[in-house]
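S.K.: First the structure, which I've put down as structure tokens, then a few questions once you've had a look.
The values are calculated or read from the model by the stated rules, or taken from the named source; none is laboratory data. Since the structure is predicted, the reported quantities are computational estimates derived from the model, not experimental observations. Here the Cβ positions follow ideal geometry from the backbone for every residue, glycine too, while neighbour counts run over all protein chains shown. Note: accessible area is taken over every heavy atom of the protein model, side chains too, but ligands, DNA and RNA are not part of it. Shrake-Rupley method; radii C 1.70, N 1.55, O 1.52, S 1.80 Å.
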Amino acid sequence: MPSSPRTLPSPASAPSGTPLNIPPVRVAERTHRDGSMAFWQVRGRSDLIVAQHAYSLIAGQLLWIPASVPHSLAVDADSVVLPLFFGTDESATTLTSTTRITVDRDLRTLLLAYVQTEMSIIQPNVNIARQILAILEQGADAPLETPMPPSGPAAEAAAILRFNPGDDRTLAQLAAAVHSSVRSLERGFLTQTGLTFRQWRISVRMERARQLLRSGASMSAVAHRVGYGDATAFRRAFTAHCGLTPSAFVARLREDE
């Protein structure tokens with residue numbers, strides 16, 4: 001007769017203050033020149049020194065440290081902090097200074113999904129890093145110049161693409177996501193913004209691309225962030241929309257400094 005499965009105690013039954021016998025950890029100063037770091041405090045507390053400035057993290061907070069910024073950390077006993085790496089070749093961002101952020105439910109879910117993709121064979125067919133960066137950048141970006149549809153399915157679809165211009169879902173997939181037909185969604189964009197869906201999407205992508213190029217991100221990283229598979233396709237779209245190449249745009253920025 002087969003034995004019955006053993007029932008394990010629920011982790012939720014343990015008080016939050018229960019000693020876990022996790023020793024404190026100190027990490028000496030280091031610098032990552034090929035990517036930015038995000039330290040997510042899952043439990044307990046950590047203290048960091050970032051470019052000679054002190055930061056404390058408690059559970060539910062995240063500290064963003066841009067590439068090439070030296071940092072060290074000390075993790076308290078019975079504490080857990082997860083370091084997340086965002087390579088500069090793939091993760092263009094407007095976050096160019098050390099930033100502390102409160103992790104809400106949506107961000108927590110995305111961070112867990114990002115850890116999952118980095119540490120397991122489970123690989124969802126979406127770009128989790130883009131979504132994380134979009135949340136971290138909220139409140140730091142300039143207002144959108146491209147007109148937003150004010151209502152209806154077009155407004156819902158525009159909010160999705162405003163949040164993440166690199167979202168690579170097709171028009172049909174976006175229409176399904178906002179419970180609309182393709183024809184109604186296309187008509188909504190045209191009547192409410194004066195732009196076709198394709199024109200609107202390119203405009204939003206190029207507007208975010210200009211923001212990212214101003215922050216010093218590489219052209220290949222910007223292309224990846226705004227939804228282009230390679231730098232050539234991005235260069236072609238940017239030049240057609242903006243009237244100059246990404247390289248010329250960056251050169252002009254430097255002349256104006």
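S.K.: May I ask you to order 125-135, 217-227, 53-63 by the average number of other C-beta atoms within 10 Å around their residues, highest value first?
M.R.: Result, highest mean Cβ count within 10 Å first: 217-227, 125-135, 53-63.
S.K.: Now for a separate question. How big is the convex hull of the Cα atoms of the range 102-188, per residue, in Å³? Don't jump to the answer; show the numbers that get you there.
M.R.: Numbers: hull volume 10.1 nm³, N = 87.
Dividing the Cα hull volume of the range 102-188 by its residues yields 116 Å³.
S.K.: Please give me the summed charge of the neighbours of residue 49: other residues whose Cβ is under 13 Å from its Cβ, Lys and Arg +1, Asp and Glu -1.
M.R.: Surrounding charge for residue 49 is 0.
S.K.: Follow-up question, since we're still on this one. Could you sort 171-184, 89-102 so that the peptide with the highest average Cβ count within 10 Å comes first and the rest follow in order?
M.R.: Top of the packing list down: 89-102, 171-184.
S.K.: Residue-wise, which Karplus ³J(HN,Hα) couplings in Hz belong to the range 227-240, taking 6.51 cos²θ - 1.76 cosθ + 1.60, θ = phi - 60°, and x for glycine or proline?
M.R.: x, 9, x, 8, 5, 5, 5, 5, 4, 5, 5, 5, 5, 5
S.K.: Could you work out how far the C-alpha centroid of the range 15-68 sits from that of the range 226-256, in angstrom?
M.R.: What the calculation gives is 36 Å, centre to centre.
S.K.: Mind checking the dipole of the range 140-212: about its Cα centre, +1 per Lys or Arg Cβ, -1 per Asp or Glu Cβ, Debye to the nearest 20?
M.R.: Charge dipole of the range 140-212: 160 debye, to the nearest 20.
S.K.: Ignoring solvent entirely, what values of log10 I(q)/I(0) come out of the Debye formula for the range 49-121 at 0.28 Å⁻¹ when each Cα is a single scatterer?
M.R.: -1.52
S.K.: Something else about it: Thinking of the chain as a set of Cα atoms, what percent of all their pairs are more than 33 Å apart?
M.R.: Tail of P(r) above 33 Å: 32 percent of Cα pairs.
S.K.: Separate question: For the chain, give the percent of accessible area contributed by carbon and sulfur heavy atoms, probe 1.4 Å, rounded to a whole number.
M.R.: 53
S.K.: Along the charge dipole of the chain, which of 126, 35, 60 sits closest to the positive end, that is, farthest toward it, with unit charges on the beta carbon of Lys, Arg, Asp and Glu (+1, +1, -1, -1)?
M.R.: 126
S.K.: Here's another thing I want to ask about it. When the dipole is taken about the Cα centre of the range 37-131, and only Lys, Arg (+1) and Asp, Glu (-1) are charged at their Cβ, what size is it in debye, to the nearest 20? Let's see the in-between values first.
M.R.: Numbers: 6 positive and 8 negative charges, 37 e Å.
Computed charge dipole of the range 37-131: roughly 180 debye.
S.K.: Against the 2.2 N^0.38 Å scaling, with N counting residues, where does the range 139-257 land? I'd like the Cα-based Rg ratio to two decimal places.
M.R.: 1.10
S.K.: Can you give the charge dipole size of the chain about its Cα centre, rounded to the nearest 20 debye, using +1 on the beta carbon of Lys and Arg and -1 on the beta carbon of Asp and Glu?
M.R.: 400
S.K.: Still on this structure, please answer the following. Heavy-atom accessible area per residue, the chain, 1.4 Å probe: how many Å²? Could the numbers behind the result be given before it?
M.R.: Working: 14570 Å² over 257 residues.
Roughly 57 Å² per residue, with all protein chains present.
S.K.: Using Cα-Cα distances under 8 Å and only pairs 6 or more residues apart, what relative contact order does the range 21-150 have, in percent?
M.R.: That works out to 26 percent.
S.K.: Show me 76-86, 106-116, 39-49 ranked by packing, highest mean number of other Cβ atoms within 10 Å first.
M.R.: Packing order, densest peptide first, comes out as 39-49, 76-86, 106-116.
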